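Encoded as structure tokens, the structure appears first; notes follow it.
The values are calculated or read from the model by the stated rules, or taken from the named source; none is laboratory data. What you see is a predicted model; the values in this text were computed from it and never measured. Methodologically, a virtual Cβ is constructed for each residue, glycine included, from the backbone with ideal geometry; neighbour enumeration extends over all protein chains shown. Side chains included, ligands, DNA and RNA excluded: accessible areas come from the protein's heavy atoms. Shrake-Rupley method; radii C 1.70, N 1.55, O 1.52, S 1.80 Å.
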Amino acid sequence: MPVRIVDRISVVEGDITQQQVDAIVNAANQTLLGGGGVDGAIHRAAGPELLEECRSLGGCRTGEAKITKGYRLPAGYIIHTVGPVWSGGLAGEDELLASCYRKSLMLAESHDMKTIAFPAISTGAYGFPLARATLIAVRTVLEFLSQSPGIEQVVFVCHGDRAFRIYNDALRTLAGKDSPSRQPEMSTSTSEDRESSGISGEIRRQVDGQLLMIESVHGIRIVNRDRLLDKIIDAARDTGHASRITAALNSWVAVNGITGDAEIPAEVIRRILARTGP
Ligand code: APR
């Protein structure tokens, strides 16, 4: 029975240095001589022999990947890749980030590896918007796995709950990794009905994914995302109503040319909810 591609991908919250996989991927810099964030954590956990081997690699270009042993890590190997520094999205950052995932997977496959763990490359010091980077990561991995049966498991290791939720939303959005408890659309109007039917959980998951798509398509980060999410869930009667609300929000973002870190004004939210009534 062939394994579905989406079942060869998992999302965990934790520390990549502790992953029991064939290879972990390091979000390095071009010198490959260590740094902060993931890079620092991996060098500390792997021990000084790692730096010795890295010195022999002669650096690494952005979007490329090189491999070393894992030394004191549970993982047998480390694949070092250099993500792009975010500079607004018009300097080829998306393709360079996709290349990091693709080249890392190619290296793993060429070494007959079966399991590999990725951090959220470029989303820390390099400033790549998390939602946008997540969609690129998930889409690139899905494409690679569809062509390559060799890799059995890709683990996205998230540092913190927000990243964990965004990765899961991206998987649901791009790979239809549906929640098993998907409910039919209900016309319940009371929050008790919705809670009892589990529909509010379904609305929350759907709206979370749709906000993720709005952020990644427009390259923005909604700074009042959690408050916006709660307001939409409180107002939405069912998943169809929720979709009309997020579609109106998407239009407002596009029409107003919103970019970067953006707060959606309370008055705009109120007008959208009033206009998209059930
Ligand atoms: N395990 C998993 N994820 C982690 C860990 C960890 N131990 N530590 C940090 N992260 C997450 C961060 O929260 C962020 O989401 O990894 C992501 C990548 O962040 P950075 O490590 O800052 O990597 P990046 O944004 O690619 O910047 C690379 O930073 O550390 C330097 O030498 C590195 O110059 C390079 C730059």
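The angle between the Cα long axis of helix 161-175 and the longest principal axis of the Cα atoms of the chain comes to about 80 degrees, rounded to the nearest 10. Taking every lysine pair in the chain that is 8 or more places apart or spans two chains, those with Cα atoms closer than 18 Å amount to 5.
Charging the Cβ of each Asp and Glu at -1 and of each Lys and Arg at +1, and nothing else, the dipole of the range 1-159 about its Cα centre rounds to 40 debye. In the context of the full set of protein chains, residues of the chain present 46 Å² of accessible surface per residue (probe radius 1.4 Å, heavy atoms only). Compared with the alpha-carbon gap, the fully stretched path from SER110 to VAL85 is longer by 6.3 nm at 0.36 nm per residue.
Computed extension length for GLU49-ARG271: 73.9 nm, one decimal, from 0.36 nm per residue of separation with the Cα-Cα distance subtracted. For THR31 and ASP234, a Förster radius of 51 Å and the Cβ-Cβ distance give a FRET efficiency of 0.55, rounded to the nearest 0.05.
Between the range 1-43 and the range 235-278, the C-alpha centres lie 36 angstrom from each other. Across the range 67-76, computed HN-Hα scalar couplings (Karplus, 6.51 cos²θ - 1.76 cosθ + 1.60, θ = phi - 60°) run 10, 9, 6, x, 6, 7, 7, x, 6, x Hz from first to last residue, x flagging Gly and Pro. Each Lys and Arg Cβ is given +1 and each Asp and Glu Cβ -1; about its Cα centre, the range 9-102 then shows a dipole of about 240 debye. Legend: calculated FRET efficiency, VAL223 to SER10, from the Cβ-Cβ distance at R0 = 30 Å, rounded to 0.05, equals 0.55.
Computed in the context of the full set of protein chains, the accessible area of the chain at 1.4 Å probe radius has 52% of its extent on carbon or sulfur.
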